[in-house]
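Taking it in order: structure first as structure tokens, then the write-up.
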Amino acid sequence: MSDTVLKIDRLCKHFPIRKGFLGRQTGAVKAVDGVDFRVGRGEIFGLVGESGCGKSTIGRAILRAFDITSGRIIYSPQPHVEIELGTMNEAELRPLRRELQMIFQDPYSSLNPRMTVSEIIGEPLRLNRLMDGAQIREEVSRLLRDVGLNPSHMNRYPHAFSGGQRQRIGIARALVMKPRFVVADEAVSALDVSVQAQILELLLKLKAQYSLSYLFISHDLSVIKYLCTRVGVMYVGKLVEVASRDALFRQPLHPYTQALISVVPIPNPRQRTRFRLLEGEVANPAAPPGGCYFHPRCPFAKRICRDTEPALRNVAAEGDAEHMVACHFAGEVGV
Amino acid sequence: MTSASQTSDNTLLEVQGLKTHFFLDMGIVRAVDGVDFRISRGQTLGIVGESGCGKSVTAQSVMQIVPSPPGRIIDGSIVYFGSNSAVEISRFRANSREMRSIRGKEISYIFQEPMTSLSPVHTIGNQLEEAILLHTPVTRGEARGIAVEALARVRIGEPERIVNEYVHQLSGGMRQRVVIAQALSCNPQLLIADEPTTALDVTMQAQILRTIQDIQQESGMGLILITHDMGVIGQMADEVVVIYRGRVMEHGDVIAVFDEPLHPYTKALFDSIPRLDTDRPLRPISGSVPDPFLETTGCPFRDRCPSRFDACDSDAVPALAEVRPGHSARCYLHSGATEEGTE
């Protein structure tokens, strides 16, 4: 993949733990700890992992919702143009903010209940003085049609809409500034199954229509497999595996990825498996174990796994697409 | 109305014609509007449906914990076949002595969100002991022993330490285990689990489901598993009830329902879920679940149904008809029968 829209380089986000009256820092939660990946132009890159693994923190770091601890976030609006977002201050970021947008998980709390749909979607246009009132209304109508809502409902308030419809409003809001890159954080997780499929199809349609690239963050492997072109699996602030969707689901190489896939209940009563268990709990990101963070739960852990942290390395055969794994025994253990 | 004398076979609970409505200022919500099912000892019944379909209110009706007012069971019967006699639960008042002796002892309930059923200001041990002391003639010391055992049964490590801890000291998965331990502490005959793993990660979900399976195997309790997740149903249930807008749309053996779903709604649910085991394209269901206040006539699914035909224009609700032995559907495609009183 030669054309990259976003490149994350050794990204770290540590949240300080402060104690006592003087608020002295006594430690840090390493929410994201040295993550590298690239998102190709027009690609849907999926980030999957258990809650607390740092996947949402990465999404918010890219949008610079906070200052990052270290690393680089390189945004490339067009080929051969590279902009480093990680070190920018708020004033420098402002003109870029419209190009990187976010779709939120909860369509109930992410829309202001006191604003009409037209005000919610049109607000960025108004604040940036890009259009006058009539133009804004026209633009809002067009967006509502694009996301599958009736433009004549633009003067209604969010409470008048169902969860799926609200998510469509949230999507229209993200698209109004014509972004190039969209972070969708658990964008379909709160929806009913029948509506979830509608929104997934809508995201695919809009990607083509608006030439978007997505970072799609989800805990749901089935959704990730359906939507994404490449996938990164996270565990305790680090990527443990990155591969194309097909390679990852056909031949997962990290024991954690294998375990994660094996515990998804298959909707087929003729294929019942006793749930293969992943014992123990996710490691504490404030005090992770030594070596490979997954070793206390890994059924294949050996001495080296306790002592040495494995690097994320490419194990694909020459000529094949990249398949990165952070495991000392990648390809030798598991299924 | 079922006569309670039919203590046939292994039946544990029988629900017939259940209607639970909510009388609100804005109108009446017919949350449960004609639900029938039966569950045997040791069996797992899956109740599946989207949010607002009435699956939780069905379960709350069985436990007599429907918030009232505004909710009220207005029709139907719920018969529980206890160890030696059959009792009609639907006749008891929610706070009656009879109901309190069944709730938590014979029939237990697990909520989706563990914090709904746990107190933040009591230790785990105290909360477990409360239920044990209420239902069994034991001393406080013995109750502590039972509580520790109950925690060990749901595979909580170091139960002797955990009994002295508070809820905020535990992770989400541990909390849900405590809730299950609490529900199982009095060895219920029937466990109703309402989306027990929806708020959890898949790894934790697998541990919890496995724990429930193991306990069911060793104790032979019946399980009503309420979920929107077809995967969980596919792995756990013996029989499935599919609910839409307060009515059972399809009911049958899990293999029959998954192999050959009869109702277009069930088929549409299967077609709209992304899954790991196949690569077929999704076919979303058009529209969304209608406003609960909306009064409708005829088939509740017809406005979203891809198989709608002339007969569906009828104002009468199709009856739940047995299409094959043990496999029924509420759909004019399979039977022209209509539900009484809806014409």
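For the residues of B:228-234, the average number of beta carbons from a partner chain within 10 Å of their own beta carbon is 4.
Between 0 and 90 degrees, the angle of helix A:193-210 with respect to the longest Cα principal axis of chain A falls at about 70 degrees. The range B:106-128 to the range A:295-335: how many Å between their Cα centroids? Here the two parts' Cα centres lie 41 Å apart. The Cβ shell under 15 Å around B:ALA321 holds other residues with a net charge of -2, Lys and Arg each +1, Asp and Glu each -1. Any chance you could check the Cα centroid distance between the range B:144-172 and the range A:8-40 for me, in angstrom? Result: 32 Å between the Cα centres. Working from Cα pairs under 8 Å separated by at least six residues, relative contact order for chain A is 19 percent. Using a Gaussian network model of chain B in which every pair of alpha carbons under 10 angstrom is joined by a spring, one finds that among B:PHE301, B:PHE309, B:PHE37 the greatest mean-square fluctuation is at B:PHE309. Legend: calculated FRET efficiency, B:THR278 to B:THR198, from the Cβ-Cβ distance at R0 = 22 Å, rounded to 0.05, equals 0.45. Residues whose amide H comes within less than 5 Å of that of A:THR69, counting only those at least five positions distant or on another chain, are A:CYS12, A:LYS13, A:HIS14 (H built at 1.01 Å from N in the peptide plane).
Residue exposure proxy: B:SER40, A:SER189, ordered by other Cβ atoms within 10 angstrom of their Cβ from fewest to most, comes out as A:SER189, B:SER40. Working note: Karplus 6.51/-1.76/1.60 with θ = phi - 60° gives the range A:30-39 the couplings 8, 5, 10, 9, x, 10, 10, 6, 10, 10 Hz, where Gly and Pro are set to x. Rg over Rh for the range A:56-138 works out to 1.03, both radii taken from alpha-carbon positions and Rh defined as the Kirkwood radius.
Each part reduced to its alpha carbon centroid, the range A:142-166 and the range B:242-274 end up 29 Å apart. Taking trypsin sites (Lys or Arg not before Pro) across the range B:51-144, the ones in a DSSP loop with at most 15 further Cβ atoms lying within 10 angstrom of their Cβ are B:ARG93. Placing unit charges on the Cβ atoms only, positive for Lys and Arg and negative for Asp and Glu, gives the range B:121-181 a dipole magnitude near 180 debye about its Cα centre.
Other residues within the sphere of radius under 9 Å centred on the Cβ of B:VAL240, judged by their own Cβ, net out at -4 (K and R +1, D and E -1). Taking 7 Å steps out from each Cα toward its Cβ at B:ASP238 and B:SER171 produces label points 3.3 nm apart. Taking only Cα atoms and a 10 Å spring cutoff, compute GNM fluctuations for chain B and point out the largest among B:GLU88, B:GLU218, B:GLU14. It is B:GLU218.
Under a 5 Å amide H cut-off, with hydrogens placed 1.01 Å from N, B:GLY298 pairs with B:ALA316, B:VAL317 among residues at least 5 apart or on other chains.
Considering only B:ASN95, B:ASN84, B:ASN164, the Gaussian network model of chain B with Cα springs below 10 Å gives its largest mean-square fluctuation to B:ASN84. Computed from phi, the 3J(HN,Hα) profile of the range B:94-100 under the Karplus parametrisation 6.51, -1.76, 1.60 (θ = phi - 60°) reads 4, 9, 5, 4, 4, 5, 5 Hz, with x in place of Gly and Pro. Note on the protein assembly as shown: with charges restricted to the Cβ of Lys and Arg (+1) and Asp and Glu (-1), its dipole about the Cα centre is near 1640 debye. Less than 11 Å Cβ to Cβ from B:GLY54, Lys/Arg counted +1 and Asp/Glu -1: what total charge do the surrounding residues give? Result for the neighbourhood of B:GLY54: +3.
Treating r as the C-beta distance of B:GLU322 and B:LEU294 and R0 as 25 Å, the FRET efficiency rounds to 0.25. Rounded to the nearest 20, the Cβ-based charge dipole of the range A:1-43 about its Cα centre (Lys and Arg +1, Asp and Glu -1) stands at 360 debye. Each of B:THR197, B:GLY246, B:PHE270 was scored by the projection of its Cα onto the charge dipole of the range B:192-343, and the greatest displacement toward the positive side belongs to B:PHE270; charges sit on the C-beta of Lys, Arg, Asp and Glu.
Of the cross-linked pairs A:LYS30/A:LYS178; A:LYS55/A:LYS225; A:LYS55/B:LYS267; A:LYS19/A:LYS302, which ones have a Cα-Cα span greater than 28 Å in the structure shown? From A:LYS30/A:LYS178; A:LYS55/A:LYS225; A:LYS55/B:LYS267; A:LYS19/A:LYS302, over 28 Å: A:LYS30/A:LYS178; A:LYS55/B:LYS267; A:LYS19/A:LYS302.
Per residue of peptide B:50-57, the mean number of Cβ atoms on other chains within 10 Å of the residue Cβ is 2. Counting, for every residue in B:195-208, the Cβ atoms of other protein chains within 10 Å of its Cβ and taking the mean gives 5. For B:VAL241, the amide hydrogen comes within under 5 Å of the amide hydrogens of B:GLY46, B:ILE47, B:VAL48, counting only partners 5 or more places away or on other chains and with H modelled in the peptide plane. With a Förster radius of 60 Å applied to the beta-carbon distance between B:ASP315 and B:SER83, the computed FRET efficiency rounds to 0.85. Of the residues B:LEU223, B:ILE180, B:PHE258, the one whose Cα sits farthest toward the positive end of the charge dipole of the range B:155-279, with +1 on the Cβ of Lys and Arg and -1 on the Cβ of Asp and Glu, is B:ILE180. Extension gain, A:THR26 to A:ASN284: 0.36 nm times the residue separation minus the Cα-Cα distance gives 91.4 nm. Here the extension length gained between A:PHE15 and A:LYS302 equals 100.2 nm, from 0.36 nm per residue of separation less the Cα-Cα distance.
Where a number appears in this text, it was derived from the coordinates with a stated rule and is not lab data. Because the structure is a prediction, the values reported are computed rather than measured. Counting neighbours? That spans all protein chains shown, and the Cβs are built from the backbone with ideal geometry, glycine included.
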